[in-house]
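A short write-up of the structure that comes next.
What follows is calculated from the coordinates using simple rules that are stated; it is not laboratory data. Note that this is a predicted model, so its numbers are computed, not measured. In this analysis, Cβ positions are derived from the backbone assuming ideal geometry, glycine residues included, and neighbour counts consider all displayed protein chains.
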Amino acid sequence: MKRWLLLALALLANLGQGETLRVGIELHDYFPYYRAVAGSPPEGYCLDLLQAFAEHEGLTLELLPQPINRLYRNLLDEQSLDLLFPDNPAWARQAKTGRRLHYSDAAAQIVDGTLVLAERRGQGLARVRQLGTVRGFTAEAWQPLLAKGGVNLVETQDIQSLIRMVARGRLDALYANPQVVRYQLGEMGLASDYLQLDQQLPLTYTSFHLSSYRHPELIRRFDRFLV
């Protein structure tokens, strides 16, 4: 017990001296929350918050954008990442089976919901047969219906691809955060209400957390920073 305590204290001392922490982030454009795409530095509210924490604690961060599925492999199996952000206990359950991750308190509260063309809003579940989401994301609110087999889930690389598929009639709806969709509509030159959140269709209130497999002490420090 004493040996492990000494090791923990040594780790805390090293982390307090500016040791570089490897932070896995999703290689994806989910602005305004986060954006990590080729050719541009990562940006967004979540990353600003993480950087503010690092500066407050005297830490150095190395942000490593990666595809979603690879993030969990590198965090849990390769152990080449110290932290993952954003994360959530409900995400990627299969990849985490048998592993205990440490999660921070919620760093951001968001809504994930179902968006449809404005003229199809309020038409109910019966009109949704093809549902789209970003590859690697969990359509949490739709899981019971997907399990029954009445709805087909289509995954694409990014939000803009989903928007185009809805516009062309290849998807009945997409599942994402409404703020993110509105931002991407603007980037595409479309009206912000071209797609609308349908309150009659599945939605969920979720949250973004910082997670770690090997550094629970960092999670506790992040929680204190959030207070």
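Observations on the model:
- Principal-axis tilt of helix 216-226 within the chain, Cα atoms, nearest 10 degrees: 70 degrees
- Nonlocal amide H pairs with residue 108, under 5 Å, H built at 1.01 Å: 208
- The chain: relative contact order in percent, alpha carbon pairs under 8 Å with at least 6 residues between: 26 percent
- For region 19-95, the square roots of the Cα gyration tensor eigenvalues, ordered a ≥ b ≥ c, give a/c of at least 1.5 with a/b no greater than b/c, which places it in the oblate category.
- In degrees, nearest ten, helix 2-15 long axis to first principal axis of the chain (Cα): 70 degrees
- Projecting the Cα atoms of 102, 61, 25 onto the charge dipole of region 25-106 (Cβ charges, centred on the Cα centre) puts 102 farthest toward the positive pole.
- Packing, as the average of other Cβ atoms within 10 Å across residues, places the peptides 109-115, 21-27 in the order 21-27, 109-115, highest first.
- Of all the options 56, 209, 102, the one that moves most in a Gaussian network model of the chain with Cα springs shorter than 10 angstrom is 56.
- Cβ-based exposure ranking for 138, 133, in which fewest neighbours within 10 Å come first: 138, 133
- For the chain: rounded, prolate or oblate by the Cα gyration tensor [a/c cutoff 1.5]: prolate
- Of the residues 163, 118, 130, the one whose Cα sits farthest towards the positive end of the charge dipole of region 109-205 is 130 (charges of +1 on Lys and Arg Cβ, -1 on Asp and Glu Cβ, taken about the Cα centre).
- Anisotropy class assigned to region 109-205 is rounded, per the alpha carbon gyration tensor with a/c under the 1.5 cut-off.
- For 219, 163, order by how many other beta-carbon atoms lie within 10 Å, fewest first: 219, 163
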